[in-house]
Amino acid sequence: MNKVFGSAFEALRDVVQHGQTIAVGGFGLCGIPEALILALRDSG
């Protein structure tokens with residue numbers, strides 16, 4: 001199983017479904033999963 005993806009959107013493509021609850025977090029300003037949050041927003 002390859003767990004390396006070219007983008008956050010690719011990583012979420014087959015995982016995220018409508019109505020699903022997802023918790024993401026980081027540590028301070030250096031660990032904010034900004035790309036993941038934007039990909040979730042853009043996934044609809």
Scanning segment 1-15 for residues that are open to solvent by less than 100 Å² (accessible area, probe 1.4 Å) and assigned to a loop (DSSP other than H, G, I, E, B), which turns out modelled with the lowest pLDDT? VAL15
Checklist (1) modelled with pLDDT of 85 or more; (2) in contact with a Leu (Cβ under 6 Å, 6 or more places away or on another chain) applied to GLN20, failing item: (2)
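Only one residue in GLY44, GLY26 is at pLDDT below 85 and touching an Asp or Glu at 6+ places or on another chain (Cβ under 9 Å). Which one?
Step by step, each of GLY44, GLY26 is checked, and only GLY26 is at pLDDT below 85 and touching an Asp or Glu at 6+ places or on another chain (Cβ under 9 Å).
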Identify, please: which residue in segment 21-44 is β-branched (Val, Ile, Thr) and more than 11 Å from ALA8 (Cα to Cα) and is, among those, surrounded by the fewest Cβ atoms within 10 Å (Cβ to Cβ)? THR21
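The values are calculated or read from the model by the stated rules, or taken from the named source; none is laboratory data. What you are looking at is a predicted structure, and each value in this text was computed from that prediction instead of being measured. With ideal geometry, Cβ positions are generated from the backbone for all residues, glycine too; neighbour counts draw on all protein chains shown. Quick note on the areas: whole protein, heavy atoms, side chains included, nothing else; ligands and nucleic acids left out. Shrake-Rupley method; radii C 1.70, N 1.55, O 1.52, S 1.80 Å.
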